[in-house]
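Chemist: My questions all concern the structure below.
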Amino acid sequence: MVPVGAAGDPFEALGDPSRREILRLLSAGDRPVGEIAAQMPISRPAVSRHLRVLKDAGMVAERAQGTRRIYRLRAQGMQAVQVYLEGVWGEAAARFRLLAENTERTPEQ
C-alpha cells in the first residue's frame, strides 16, 4: 500500500472511472461539488460519495466557502502514487536494461 497518511488506499480509489474523471476535472483547478457534478453523468450524491473516497485516500482536500464545499487535488496523495509507480517502473526498466545488455545479438537472416 502507498503511505499517504490517510485511511483509504489511493489505488483502490483510482480503480473507479468516475473517480479518475473527478481527478481529471480537479487537475484544472479547485471546484465546488456542484460544478463537478454538472460535468459528470452521475448524480450529485454519487459525486459526493466518490469525493469522500478520494478524500479518505488522501488524494483530494476540501474547504468550506460559505455553504459550498470546494475540492482540490492534494499534492501529497498524488505524489505518493507517482513515487510508487516510478519505483515499480524503475525496477522494471532496470531489469529490462540488464536483460538487453546481456542478450547476445544474432545476425539477421
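Chemist: Please list the radius of gyration and Dmax for the chain, considering alpha-carbon atoms only, with Å as the unit.
Modeler: Looking at the chain, its Cα Rg and Dmax stand at 19.5, 74 Å.
Chemist: Running a GNM on the chain with Cα contacts under 10 Å, which residue among VAL33, VAL53, VAL88 ends up with the highest mean-square fluctuation?
Modeler: VAL88
Chemist: Tell me, GLU101, GLU21 in order of fewest to most beta-carbon neighbours within 10 Å?
Modeler: In order of increasing Cβ crowding within 10 Å: GLU101, GLU21.
Chemist: Further question on the same structure: When the chain is modelled as a GNM with alpha-carbon springs shorter than 10 Å, which of LEU26, LEU73, LEU98 fluctuates the most?
Modeler: Residue with maximal mean-square fluctuation among LEU26, LEU73, LEU98: LEU98.
Chemist: Follow-up. 5 Å is the cut-off here: which amide hydrogens, built 1.01 Å from N in the peptide plane, fall below it relative to ALA57, excluding neighbours closer than 5 in sequence?
Modeler: GLY8
Chemist: Using only Cα atoms, find the angle between the long axis of helix 75-101 and the longest principal axis of the chain, and express it within 0 to 90 degrees, rounded to the nearest 10.
Modeler: 10
Chemist: Could you tell me which of PRO10, PHE96, LEU54 has its Cα farthest along the dipole of the chain towards the positive end, charges placed at Cβ (Lys, Arg +1; Asp, Glu -1), taken about the Cα centre?
Modeler: Working it through, the farthest residue towards the positive pole turns out to be LEU54.
Chemist: Still on this structure, I have one more. Pick out which of MET78, MET59, MET40 has the largest mean-square fluctuation in a Gaussian network model of the chain, springs linking Cα atoms closer than 10 Å.
Modeler: Result for the chain, Cα springs under 10 Å: MET40 fluctuates most.
Chemist: Measure nothing fancy, just the Cα-based angle from helix 17-26's long axis to the longest principal axis of the chain, in degrees from 0 to 90, nearest 10.
Modeler: 80
Chemist: Per the helix-only calculation at 222 nm, which mean residue ellipticity applies to the chain, given -39500 (n - 2.57) for every DSSP H run of n ≥ 4 and division by its residues, nearest 500 deg cm²/dmol?
Modeler: Taking each H run of at least 4 residues, the total per residue is -17500 deg cm²/dmol.
Chemist: I would also like to ask the following. Mind pulling the angle between the C-alpha long axis of helix 44-56 and the longest principal axis of the chain? Nearest 10 degrees, somewhere in 0 to 90.
Modeler: 50
Chemist: Express the relative contact order of the chain as a whole percentage, based on alpha carbon pairs under 8 Å and six or more residues apart in sequence.
Modeler: Relative CO of the chain lands at 30 percent.
Since every read-out is calculated from the coordinates, none of them should be taken as a lab result. Predicted model only: the values in this text are computed from it and were never measured. Every residue, glycine among them, receives a Cβ derived from its backbone with ideal geometry; neighbour counts consider all protein chains shown.
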